[in-house]
Amino acid sequence: MKKQFLVTCSVLLLSACTSSTISHNDYRHQGINFGSDRDADFRKGVRDACRTIGCDYTKDHNRLKNSESYRLGWEEGQLKCKGKGNQTQGF
């Protein structure tokens, strides 16, 4: 009886710690969640920014000027991939 109670409590505690906010529409790149319903320009901006963090400068200046979505993706990619890139590159 005690063992079953402990198992039940453990399951409840672990389920409370998991995030239920991740949806199947979320855009993930390099294991980082960039949110849901991101368009192609935003995703391209994230990918380019994350490549830049890895020392391969990639930025579509035309898209940066003309697509707010690309610009937002590039900026968010810079912020979120920076810590991850530094860890994987050994900086």
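The values are calculated or read from the model by the stated rules, or taken from the named source; none is laboratory data. Note that this is a predicted model, so its numbers are computed, not measured. Just the protein is used for accessible areas: all its heavy atoms, side chains included, with ligands, DNA and RNA removed. Shrake-Rupley method; radii C 1.70, N 1.55, O 1.52, S 1.80 Å.
Details
- For Tyr27, the amide hydrogen comes within under 5 Å of the amide hydrogens of Phe34, Gly35, Ser36, Asp37, Arg38, counting only partners 5 or more places away or on other chains and with H modelled in the peptide plane.
- Sorting His29, His24, His61 on solvent-accessible area from highest to lowest, probe radius 1.4 Å, gives His24, His61, His29.
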